[in-house]
Amino acid sequence: MPRYTRLLLIVLCLILIGECRKHKSRKKRWSAPVETYKPGNPLSKKVVDGTKTRKVKTSHLLRIDEHDFTMRPAFAGPAVPVGVDVQVESLDSISEVDMDFTMTLYLRHYWKDERLAFPSSTNKSMTFDGRLVKKIWVPDVFFVHSKRSFIHDTTTDNIMLRVFPDGHVLYSLRVTVTAACNMDFSRFPLDSQTCTLELESYAYTDEDLMLYWKSGDESLSTDDRISLSQFLIQKFHTTSRLAFYSSTGWYNRLYINFTLRRHIFFFLLQTYFPATLMVMLSWVSFWIDRRAVPARVSLGITTVLTMSTIITGVNASMPRVSYIKAVDIYLWVSFVFVFLSVLEYAAVNYLTTLRDGKDRKLRKKDKEQTLPCTCGIPHTKTMMLDGTYSEADANSLAGYTRASMVTEDTSDKQEQIVVHLSLDNESTGTKKKGIRGFRIIQNTHAIDTYSRMIFPGAYILFNLIYWCVYC
């Protein structure tokens with residue numbers, strides 16, 4: 001009996017030992033493996049940096065709770081130098097009507113705040129997002145003359161704060177700003193515009209905060225792919241100066257200047273070429289018969305209305321400035337040429353009507369002077385010598401032959417010649433007087449002939465002067 005008991009105890013012990021081994025193997029399987037390093041391996045000599053451990057809080061490491069960050073660094077001491085550099089990401093739009101521009105840029109500030117210094121043997125800096133910005137002091141830089149601005153927040157606020165062990169701070173943010181730009185349109189659309197983005201501290205004067213470009217002209221960098229549809233970006237450059245406010249004092253102000261030159265090809269296609277074609281179309285009326293009143297009037301009115309539409313369309317996309325633009329000079333001179341072509345036909349039509357009335361009066365007067373004065377001569381003979389025949393007179397002569405007309409008495413022939421010469425001399429003197437006094441008026445189509453040369457020549461001369469002055 002005791003033997004069986006011992007065997008049973010031994011079996012139970014073996015079973016317990018096996019279960020214990022299985023439990024240990026499961027525990028090793030689900031637990032993290034322990035890294036072992038061979039002697040001489042450089043990884044085994046790595047020292048863990050205290051700034052990277054989770055045990056140390058940011059507020060404790062930077063001692064945020066120990067200082068009052070509502071005051072600037074070195075309060076009551078010299079001005080805090082704050083370096084600035086800008087990287088222009090895009091120049092989004094230029095608006096002539098609102099006289100402003102929209103720009104997206106990376107704005108970076110550099111300064112030293114010894115209150116943020118921390119001990120670190122190997123790590124050079126610590127990087128934080130925008131949540132720490134509300135707990136420390138940062139420069140209060142704003143954009144002068146800005147209309148709208150915002151910090152991008154997709155997917156989080158585009159703000160980066162980097163703190164170095166010695167207390168130097170880099171503060172970077174991505175901003176889109178819309179600022180005013182004073183434009184001069186006196187040479188539009190052959191103009192160049194210079195716009196400026198100004199940065200300044202809102203609260204701190206030059207005695208408390210000194211803004212400066214960190215690397216001079218190299219502080220401003222741009223993307224080579226920046227382009228605009230209507231402008232060619234010629235150059236970016238930076239300047240700085242002091243700005244004075246009568247109630248608060250002097251402030252450091254930084255300037256980002258860029259020059260834009262407008263592309264002319266769009267306006268050549270949309271404004272200059274149509275206006276030139278309308279002026280040339282108005283000249284077609286000079287080759288149309290002066291008695292074709294509907295054709296010439298409709299052509300003149302159409303060109304005038306088209307020029308008015310072009311002028312209205314150009315001014316609708318421009319601010320209401322009080323001075324004359326270069327495009328206004330070209331369009332209005334073109335409008336004057338079109339309007340003068342209409343007035344030219346009005347003069348031609350009036351002089352043509354006036355000449356026709358005078359011709360009718362002369363014919364009536366000649367008829368009255370010729371027909372009653374027969375002086376004893378037969379009616380048919382008088383008509384023959386005078387050379388003026390009406391339709392009734394021609395019918396009355398239908399029965400006469402050339403021989404019967406010639407065989408007349410010598411006395412009658414001499415009498416006919418005297419009467420004919422006296423009447424003919426009187427009518428000839430009247431016609432010569434009219435030709436001398438009203439040569440152009442009686443020959444009205446001469447105005448159209450002169451217009452065919454004068455109008456194109458004057459317009460070509462105007463174009464030469466215009467493009468030489470503004471190009």
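The values are calculated or read from the model by the stated rules, or taken from the named source; none is laboratory data. What you see is a predicted model; the values in this text were computed from it and never measured. In this analysis, Cβ positions are derived from the backbone assuming ideal geometry, glycine residues included, and neighbour counts consider all displayed protein chains. Each accessible area value is taken on the protein alone, full model and side chains, heavy atoms only, with ligands, DNA and RNA left out. Shrake-Rupley method; radii C 1.70, N 1.55, O 1.52, S 1.80 Å.
The amide H of CYS181, built 1.01 Å from its N in the peptide plane, has ASP100, PHE101 as neighbours under 5 Å, considering only residues 5 or more places off or on other chains.
Close amide-amide hydrogen proximity is noted between SER93 and THR102, each under 5 Å apart and 5 or more residues distant or on a separate chain (H modeled in the peptide plane; Pro and chain starts excluded). Number of Lys-Lys pairs in the stretch 64-261 with C-alpha atoms under 21 Å apart and a separation of 8 or more places or on different chains: 6. Using modelled amide H (1.01 Å from N, peptide plane; none on Pro or chain starts), what sits under 5 Å from the amide H of SER149, excluding residues fewer than 5 places away? Residues meeting the criterion, in which the H sits 1.01 Å from N, are THR178. The relative contact order of the stretch 127-264, computed from alpha carbon pairs under 8 Å that lie at least 6 residues apart in sequence, is 24 percent. Taking all protein chains together and a 1.4 Å probe, the residues VAL80, VAL293 rank VAL293, VAL80 from largest to smallest accessible area.
Mean projection of the Cα convex hull over all viewing directions, computed for the stretch 64-261: 13.6 nm². For the stretch 288-345, the square roots a ≥ b ≥ c of the C-alpha gyration tensor eigenvalues yield an a/c of 1.5 or more together with a/b exceeding b/c, which makes the shape prolate.
Quick one: net charge around HIS152, please, counting Lys, Arg +1 and Asp, Glu -1 for every other residue with C-beta under 14 Å from its C-beta.
My count for the surroundings of HIS152 gives -3.
Between GLU114 and VAL336, the contour length at 0.36 nm per residue exceeds the Cα-Cα span by 72.6 nm. The 3J(HN,Hα) values that the Karplus relation (6.51, -1.76, 1.60; θ = phi - 60°) gives for the stretch 81-92 are, in residue order, x, 10, x, 10, 9, 9, 10, 7, 7, 7, 10, 6 Hz. Gly and Pro appear as x.
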